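Novice: The structure follows.
The values are calculated or read from the model by the stated rules, or taken from the named source; none is laboratory data. Only a predicted model underlies this, so the values are computations on that prediction, with no experimental measurement involved. Here Cβ is always computed from backbone atoms with ideal geometry, including for glycine, and neighbour counts include all displayed protein chains. Each accessible area value is taken on the protein alone, full model and side chains, heavy atoms only, with ligands, DNA and RNA left out. Shrake-Rupley method; radii C 1.70, N 1.55, O 1.52, S 1.80 Å.
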Amino acid sequence: MRKLCWLALPCSAAIFLGVCLLPEGLPLPLGLCCGLGGLLSPAFSGKTRWKVLLTAMGLALGFLWTSLYGTLFRSPALAYIGEEPIEYTFEICQFPVSTSRGVSFSARLLTEEGRGPMVKIYAGDETGDLLPGDIVRCAVRLASSAQVRGEEADYYTSRGIYLLGYAQDGVTLVGRPRAVSLRFWPQYAARALQDSILRVFPGDVAGFFTALITGEKGALPAGAYRDLQRSGIAHVVAVSGLHISFLAGLTVLLLGKRSRLGTFLAIGLMVFFAAVTGNSPSALRAAFMTSLLLLAPLVGREPDKPTALSAVLLLLLLPQPYAAASVSLQLSFGAVAGIFLVSEKLSERWLRALPRWDKPLGRIFRRCLVFALCSLSVTLGALLFTTPLAAFHFRSVSLAGPMVNLLTLWAISGGFIGGLTAALAGLAFPVLGRALAWVAACPARWVLWVAHGVSRLPFSAMTLLSGYLVLWFVVAYGILILWLIGRKRIRPAIPAAALVFTLCAALVTYAWPIRSGTLTVTALDVGQGASTLLFSGGRAVLVDCGGNSGDDPGDLAADYLQSLGTSRLDALVLTHYHTDHAGGVPQLLARLEVPHLLLPDVTPEDPLRREILALAEANGCEVNFLSDDSRFSFGNVELTVFAPLGDGGANEEGLSLLCRAGEFQALITGDMNSIVERRLIKHKHLPDIDLLLVGHHGSKSSTSEELLLAVTPEQAVISSGYNSYGHPAPEALERLGAAGCDIYLTRDMGHVTFIYKGE
């Protein structure tokens with residue numbers, strides 16, 4: 001069995017290198033070199049010889065297959081890319097999913113030669129009721145899936161989708177099969193489960209159970225997934241070994257551990273369930289690996305975990321090498337590798353130290369401790385490799401994860417089994433399903449309540465915003481590894497104290513310059529949007545909260561503020577009600593305490609304005625509509641909010657702000673155009689300023705020469721991201737350069753912070 005491991009592991013490593021790290025043309029010569037290196041194996045003797053041979057052959061196979069796969073499959077798909085729309089025929093491969101501008105679905109391009117590449121198609125709402133297996137025609141513009149919103153991305157390529165299609169004139173149904181193909185049965189089963197969950201579960205937990213059972217995270221309530229991420233339990237809604245092991249364990253328990261029928265039925269259920277949940281890498285890994293471990297005793301073999309893990313990894317990578325870039329696959333295999341490596345040793349060490357109690361209450365207490373310690377050892381093992389992966393991919397580390405896992409593991413396991421039972425019962429007996437769902441909803445509410453409460457705490461998760469925090473992460477990880485692999489038994493309190501001390505030092509070092517300054521102005525990187533944090537004397541005001549970055553702008557603002565040790569905003573000021581300036585307010589109010597909202601009293605019928613007012617009332621926020629100029633102080637700062645000066649649109653009817661701290665002054669103009677800027681100059685006494693938050697994301701119609709001459713800014717920051725408007729415009733950049741401004745762009749620099757120390 002270990003010979004398979006010596007072949008599979010190097011082969012998988014070569015695929016990872018070829019896909020994720022190496023230049024495109026390098027895997028082929030490396031594969032040839034490794035193959036030639038395998039010829040040197042006769043120079044070794046005994047076990048070393050076959051280890052060298054298998055390792056060299058594994059590396060050669062991985063590198064050569066990566067190169068060959070790109071030539072055979074990816075390159076022909078990319079040949080369809082073009083600037084002009086062309087009409088194609090497609091076979092729909094999934095139920096359409098709603099998007100902000102219509103629907104999206106995966107489809108197989110059909111050609112005269114046969115079946116072509118997979119395409120992710122984005123279309124309008126006029127597509128009709130499309131089903132998997134339908135044949136459709138539409139004119140689409142095909143683009144590479146390696147770039148999403150102007151940035152490099154591997155989300156689609158890791159799933160074998162190399163093309164994005166943008167439908168131009170709707171989708172026409174050409175034909176529908178008489179019977180559902182066997183390939184699509186799991187999708188119809190998933191849809192039936194999701195419909196049953198919506199019927200039988202209360203509205204506050206239906207989305208959670210949809211995600212928990214079927215892996216459809218889009219069904220979660222707004223902000224719930226971010227709560228799970230910050231509290232360190234987002235893995236519960238990514239169908240993985242946790243869910244698969246519940247199914248396998250329940251089946252084997254009912255039919256017997258040594259029962260062949262039980263084993264094969266468990267394997268069938270696991271594979272089908274993985275297909276129902278979308279065949280994610282984590283679900284397939286769990287299904288295949290558990291299957292190997294169940295089959296080993298039946299064929300007279302001892303389960304070998306390293307061999308099973310490496311074989312399953314290779315089994316997933318051979319048909320789709322680009323799956324190596326999947327974050328789901330990396331986290332899933334990293335978690336299992338960490339559990340195999342350290343969890344058993346940790347639990348044995350801790351359980352040996354537990355005293356034995358003879359009295360009944362003592363025995364019960366000991367069992368509870370055993371469960372808690374075993375759960376903690378599994379959690380720490382899973383975090384061993386997933387923590388650096390999460391830090392690399394998401395730039396964030398949950399500090400509360402181990403504690404929250406202990407608090408919720410029982411509820412997650414009970415909720416999954418109970419929820420699945422209720423959903424299945426609801427397919428035929430809705431009344432019984434509702435009764436079971438009422439019971440299963442209790443642990444689900446506990447999980448959501450704990451996750452939401454913990455996510456609101458400062459430092460529940462640490463966003464790696466500075467070099468100090470990155471350095472702490474590296475040091476802390478080194479301390480943890482040395483403790484885990486050390487031969488001498490060191491009390492856990494010693495490394496724990498070292499971790500806490502170094503974390504406090506890193507946080508103080510990072511936050512002290514910001515908290516000690518007279519005023520800190522931070523233009524948050526929210527993509528194409530605006531969100532500016534003013535911080536002084538431990539108090540904070542946020543101006544606008546919107547954008548189109550991958551994360552919710554409300555989450556970004558809350559993360560940044562909580563990294564400074566507070567979960568409270570003194571006030572939120574919205575210049576106007578466009579989503580790029582106010583779209584993140586719902587999540588911001590869910591995460592932070594915000595006692596005051598300052599708003600322009602315009603566009604009363606705007607849906608976003610109505611939503612914000614409803615949320616403000618629900619959260620107890622005092623709302624102040626500004627029709628006249630307003631002046632107030634916080635910390636060491638005086639803030640002047642200018643009432644709307646224009647008309648004709650939300651941009652022109654917005655608020656603008658002047659921030660003063662000692663000799664430092666900053667101006668925020670929202671999205672006002674040059675006409676309104678001239679009114680601002682004429683009717684307000686604007687001083688010379690140090691910092692200009694450039695209007696309308698650097699639009700050519702804003703930041704006029706008149707404004708720049710009137711306020712003479714020394715520095716200018718432009719908040720913009722990927723967009724189709726041409727922001728920042730060359731004309732605006734030219735005017736700023738001619739005015740002698742130092743220009744900073746959030747698009748290129750991330751969060752941009754200015755600290756005024758005062759006299």
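Novice: Computed FRET efficiency, Cβ-Cβ of residue 611 and residue 126, R0 25 Å: what is it to the nearest 0.05?
Specialist: 0.40
Novice: Residue 79 versus residue 147, label points 7 Å from Cα toward the beta carbon: distance in nm?
Specialist: 2.2 nm
Novice: Translational diffusion coefficient of the range 311-468 at 10 °C, 1.306 mPa s, Stokes-Einstein with Kirkwood Rh over Cα pairs, in µm²/s as a whole number.
Specialist: It comes out at roughly 85 µm²/s.
Novice: Multiply the residue gap between residue 195 and residue 113 by 0.36 nm, knock off their C-alpha separation, and tell me the result in nm, one decimal place.
Specialist: Once the chain is fully extended between residue 195 and residue 113, it gains 25.7 nm.
Novice: May I ask you to derive the FRET efficiency for residue 628 and residue 101 from their Cβ-Cβ distance with R0 = 41 Å, giving the value to the nearest 0.05?
Specialist: So, using R0 = 41 Å, E works out to roughly 0.60.
Novice: Still on this structure, I have one more. Residue 472 accessible area, nearest 10 Å², 1.4 Å probe?
Specialist: My reading of the accessible area for residue 472 is about 30 Å².
Novice: Follow-up. Counting only Cα atoms, I'd like the Rg/Rh figure for the chain, Kirkwood definition for Rh.
Specialist: With Rh from the inverse mean 1/r over Cα pairs, Rg/Rh is 0.99.
Novice: Of the GluC sites (Glu not before Pro) in the range 633-678, which ones lie in a loop per DSSP and count no more than 15 other C-beta atoms within 10 Å?
Specialist: When the GluC sites (Glu not before Pro) of the range 633-678 are filtered for loop state and at most 15 Cβ neighbours within 10 Å, 663 remain.
Novice: For a Förster distance of 35 Å, can you work out the FRET efficiency between the beta-carbons of residue 675 and residue 636, rounded to the nearest 0.05? Numbers along the way, then the final one.
Specialist: Details: r = 34 Å, r/R0 = 0.98.
After rounding, the FRET efficiency stands at 0.55.
Novice: For residue 204 paired with residue 181, estimate the spin-label separation in nm (one decimal), with each label point 7 Å from Cα along the Cα-to-Cβ line.
Specialist: The answer from the label model is 4.4 nm.
Novice: Next question, about the same structure. Treating only the Cβ atoms of Lys and Arg (+1) and Asp and Glu (-1) as charged, compute the dipole magnitude of the range 510-628 about its Cα centre; round to the nearest 20 debye.
Specialist: 420 debye
Novice: Show 631, 456 ordered by accessible area, largest first, where the area counts protein heavy atoms only and the probe is 1.4 Å.
Specialist: Of 631, 456, the descending order of accessible area is 631, 456.
Novice: Here's something else I'd like to know. Once the dipole of the chain is set up with Lys and Arg at +1 and Asp and Glu at -1 on Cβ about the Cα centre, which of 466, 314, 546 lies farthest towards its positive end?
Specialist: 314
Novice: Could you tally up the Lys pairs in the chain with alpha carbons closer than 26 Å? Skip any pair fewer than 8 positions apart unless they're on separate chains.
Specialist: 13
Novice: In addition: Leaving ligands and nucleic acids out of the surface, order 3, 345 by accessible area at 1.4 Å, largest first.
Specialist: The ranking, largest first, comes out as 345, 3.
Novice: Quick check: from the Cα gyration tensor, does the range 1-150 come out rounded (a/c under 1.5), prolate or oblate?
Specialist: The shape class here is prolate.
Novice: Also: Hey, what did the chain get for relative contact order, percent, Cα under 8 Å, at least 6 apart?
Specialist: 8 percent
Novice: Between beta-carbons, use under 12 Å as the cut-off and find the net charge around residue 279, counting Lys and Arg +1, Asp and Glu -1.
Specialist: After counting each charged neighbour, the total is +3.
Novice: Full extension from residue 501 to residue 706: what is 0.36 nm times the residue separation minus their Cα-Cα distance, to one decimal in nm?
Specialist: 68.5 nm
Novice: May I ask you to give the percent of accessible area on the chain that is carbon plus sulfur, with a probe radius of 1.4 Å?
Specialist: Within the chain, the accessible surface is 61 percent carbon and sulfur.
Novice: For residue 351 and residue 424, compute 0.36 nm times the residue count separating them, minus their Cα-Cα distance, and round to one decimal in nm. Don't jump to the answer; show the numbers that get you there.
Specialist: Details: separation 73, 0.36 × 73 = 26.28 nm, distance 3.87 nm.
Extra length from residue 351 to residue 424 when fully extended: 22.4 nm.
Novice: Determine the calculated [θ] at 222 nm for the chain from helices alone, applying -39500 (n - 2.57) to every DSSP H run no shorter than 4 residues and normalising by the residue count; nearest 500 deg cm²/dmol.
Specialist: -15500 deg cm²/dmol
Novice: Please compute the per residue accessible area over the chain with all protein chains in place, 1.4 Å probe, rounded to a whole number of Å².
Specialist: Numbers: 35680 Å² over 759 residues.
With the other protein chains kept in place, the chain gives 47 Å² per residue.
Novice: I would also like to ask the following. How many Å³ per residue does the convex hull of the Cα positions in the range 118-171 occupy?
Specialist: Values: hull volume 4.8 nm³, N = 54.
Roughly 88 Å³ of hull volume per residue.
Novice: A further question on this structure: Let me spell out the model: positive unit charges on the Cβ of Lys and Arg, negative unit charges on the Cβ of Asp and Glu, origin at the Cα centre of the chain. What dipole size does that give, in debye rounded to 20?
Specialist: Taking the Cα centre of the chain as origin, the dipole is about 5340 debye.
Novice: Which whole DSSP H helices in the chain pass both tests: a Cα extent of 30 Å or more along the axis and a mean Kyte-Doolittle value no lower than -1.0?
Specialist: Long hydrophobic helices here: 46-69, 360-394, 401-428, 430-455, 493-516.
Novice: Largest first, what is the accessible-area ranking of 512, 483, 446 with a 1.4 Å probe? Kindly include the intermediate steps, with their values, before the conclusion.
Specialist: Details: 512 165, 483 25, 446 85 Å².
The ordering from most to least exposed comes out as 512, 446, 483.
Novice: What percent does the relative contact order of the range 629-698 come to when contacts are Cα pairs within less than 8 Å and at least six residues apart?
Specialist: 25 percent
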